[in-house]
1. Looking at the stretch 206-219, I want the residues that are within 17 Å of ASN254 (Cβ to Cβ) and have a partner that is charged (D, E, K, R) with Cβ atoms under 8 Å, at least 6 apart or on another chain. Which pairs are those?
2. With the checklist (1) modelled with pLDDT under 95; (2) in contact with a Phe, Trp or Tyr (Cβ under 7 Å, 6 or more places away or on another chain) in hand, flag the one item ASN93 doesn't pass.
3. Which residue is farthest from LEU84 (Cα to Cα), if the candidates are limited to the stretch 107-159 and must be of a type in the set (D, E, K, R) and modelled with pLDDT of 95 or more?
4. Could you list, in sequence order, all residues of the stretch 140-165 that are assigned to a helix (DSSP H, G or I) and among the hydrophobic types (A, V, I, L, M, F, W, C)?
5. Which is buried (at least 16 other Cβ atoms within 10 Å of the Cβ), aliphatic (A, V, I, L, M) and within 15 Å of the chain's Cα centre (by Cα), of ALA243, ALA236?
6. Got a sec? Which helices (runs of 4 or more DSSP H) wholly within the stretch 176-258 have at least 1 residues that are among the hydroxyl-bearing types (Ser, Thr, Tyr) and on the phi < 0 side of the Ramachandran plot?
7. Does LEU50 satisfy being within 26 Å of THR32 (Cα to Cα), part of a helix (DSSP H, G or I) and touching an Asp or Glu at 6+ places or on another chain (Cβ under 6 Å)?
Amino acid sequence: MLELQENHPSPHHRTAMVTGAATGFGKAIVETFLKKGVQVCAVDRDAVGLAAACFPTDQTLLCTLDLTDRAAVAATIPQMIAKLGSVECLVNNAGGVVGRKAAAIEDLDLDDWDAVMAANLGSALMMSRLVTPSMKAAHHGRIINITSGAGFRASRTGVQAYTTAKHALHGLTRQLAGELGPFGITVNAVAPGLQPVSPGTRSQWDSYSPEKQHAIIENIPMRSLGTADDVAEAVAFLGMGPAGYITGQILPVNGGAF
């Protein structure tokens with residue numbers, strides 16, 4: 001299902017599209033872009049969450065869309081690009097474990113595997129594919145994939161598909177950087193550490209004992225979990241800042257934890 005809120009963004013403003021925009025990193029990224037005067041198309045499957053985010057209507061185009069529905073994405077995203085006038089920056093933030101729990105590999109439900117892969121990897125692939133033609137025409141664009149520390153190692157979630165998708169997103173980032181660089185398009189990734197800023201990550205953090213929480217924080221040189229704004233500012237630097245010669249890179253935002 002599709003729900004649009006058209007606010008007639010000005011073609012003179014810089015433009016961005018952010019997925020998974022209703023909560024967590026996505027919401028913080030939208031808010032940071034808005035503060036910098038960017039017109040944003042905020043995309044999320046959660047219409048209630050998008051409305052509750054209370055983004056200013058004169059700068060924001062809301063799009064309620066299930067990014068795992070390829071036909072709906074293919075039909076809708078070109079409409080959004082046309083309404084914005086252009087997409088200078090795409091942030092592929094949608095993903096997560098989408099409600100799936102850890103299971104032993106021999107007990108893994110393959111439908112769960114497909115759902116997590118589609119939400120994290122498939123959505124980023126589809127969105128990047130659809131914004132690329134207009135970016136090529138402008139000979140300018142920036143694509144940023146929000147990945148995870150699980151893109152470097154096993155995930156604390158224990159969800160095999162999640163860590164596999166985040167590893168794959170790192171590969172897709174580097175591959176697209178090489179492919180799209182000649183067209184003036186940069187492609188990078190931002191890899192947050194464990195930062196309980198969405199309902200899922202807060203639930204994960206709260207499930208740990210005080211001892212485990214303390215051990216995790218003690219393993220971070222900055223001795224804190226960080227905030228959604230830390231990630232949003234890194235995204236803004238790569239997406240709207242003076243980072244035009246940075247591409248194919250994975251930027252961990254994790255307080256130095258490895």
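The values are calculated or read from the model by the stated rules, or taken from the named source; none is laboratory data. These numbers were taken from a predicted model, which means no experiment stands behind them. Here the Cβ is made from the backbone with ideal geometry for all residues, glycine too, and neighbour counts use every protein chain on show.
1. Within 8 Å, the pairs are ILE217/ARG223.
2. Every condition holds for ASN93 apart from (1).
3. By that ranking, first place goes to ASP107.
4. Within the stretch 140-165, ALA150, ALA161, ALA165 meet the criteria.
5. ALA236
6. Output list reads 199-206.
7. Criteria met by LEU50.
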